[in-house]
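Heads up: the structure comes next, in structure tokens.
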Amino acid sequence: MTHPKLTLEKRIEAELKSYDGHMSVYADDLRGNVIAIDADEKFETASTIKTYILACLFDRIGKGKASLTDELVYRKDEFVEGSGVFRDLAFGTAMPVFNVATLMIIVSDNIATNMMIDYLGQDTINECIQALGCRDTVLHNPIHFDRYRQLGTTTPRDYGSMFARMARGELISPEADRQMLAIFRRQHYNSMLTRDLPPWFLDSEDTGEEELIYVASKSGSMDACRSDGGLVHTPYGDYTVVLMNKDFSDRLYYNDHPAYIYGGRVSRLLFDQYLALEGRFRL
């Protein structure tokens, strides 16, 4: 009797059978093996759009049309509720572009994001996104929840390609990509990708050992979506993983949201396969 092979894709699909929602998956072991489940489906970006904005900033810097040392001033019309620290600062606060961009990523600061959109220009950002080859990604509006229902649109494949090219030093330039990954590594919100990974490997402060595993990532959540994606570093090399969720019935925000629980399980399946095959998803 011949049994069907339990491929990684089939194991992921089996894990998601009881999930009250829809998850699309894109993962690349950077050695020619890609896991793609509905990877070209379009999703609301939520805060994952901030990854594209950061890339466009470094693209403009490389062309001499922006600078990390330019000063940006927080204006009243840039105020918006939600994540970040700028909302607790006074209007007129000035910071260099580097600090504003860093806050946009590591604490997902919404006001810092609006400041970056104003600095770069929405049309310029969209032109850059297209030039980077992300044909299904668009920044529709700045972040103003009372004015706009949509922030952006993307796909797991577009998002994964950004981190894969950063890992290779091929997105903007080797130095720019290194700087961006250093920022993503400091990102504070890791409710999905690292949820079920072994904590001993992730926390050098507690173990006293060098971190064997770390993640450089950017997540995003709105009522309609819960997403995460980035680069996972291991002793065998790096791989990218993107998990995007929608069509779930529970729209509350909390750590044990089903999207985070099932996203954590899928992330662990990918992690275990990659380590078991010493740096590959397939032999």
Buried (at least 17 other Cβ atoms within 10 Å of the Cβ) and either in the same structural domain as L132 (by TED's automatic domain parsing) or out of contact with any helix residue (DSSP H, G or I) (no Cβ under 9 Å at 6 or more places or on another chain) (or both), is that true of M116? yes
Taking S24 and the conditions (1) buried (at least 19 other Cβ atoms within 10 Å of the Cβ); (2) in contact with a Gly (Cβ under 9 Å, 6 or more places away or on another chain), which numbered condition does it fall short on, given that it satisfies the others? (2)
Out of T124, T51, report the one residue that is outside any strand (DSSP E or B), on the phi < 0 side of the Ramachandran plot, buried (at least 20 other Cβ atoms within 10 Å of the Cβ) and of a type in the set (S, T, N, Q). T51
Using the structure shown, decide if L103 is part of a helix (DSSP H, G or I), without any contact (Cβ under 8 Å) to a residue 24 or more places away in the chain, outside the structural domain of Y239 (by TED's automatic domain parsing) and aliphatic (A, V, I, L, M). yes
Residues that are of a type in the set (D, E) and not assigned by TED's automatic domain parsing to the domain that holds L57: find the strands (runs of 3 or more DSSP E) completely inside the stretch 176-274 holding 1 or more of those. 225-234, 237-246
Within the stretch 12-21, considering residues that are farther than 16 Å from M222 by Cα and out of contact with any Ser or Thr (no Cβ under 6 Å at 6 or more places or on another chain), the one surrounded by the fewest Cβ atoms within 10 Å (Cβ to Cβ): K17
Taking the stretch 127-170 and keeping only residues that are part of a helix (DSSP H, G or I) and touching a helix residue (DSSP H, G or I) at 6+ places or on another chain (Cβ under 9 Å), one is left with E127, C128, I129, A131, D158, Y159, M162, F163, R165, M166, A167, R168
Of all residues in the stretch 222-231 being in contact (Cβ under 8 Å) with a residue 40 or more places away in the chain and surrounded by fewer than 24 Cβ atoms within 10 Å (Cβ to Cβ), which is nearest to R265 (Cα to Cα)? C225
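The values are calculated or read from the model by the stated rules, or taken from the named source; none is laboratory data. The structure presented is a predicted model; accordingly, all values stated were derived computationally and were not measured. Heads up, the Cβs are rebuilt from the backbone with ideal geometry, glycines too, and the neighbour counts pull from every protein chain shown.
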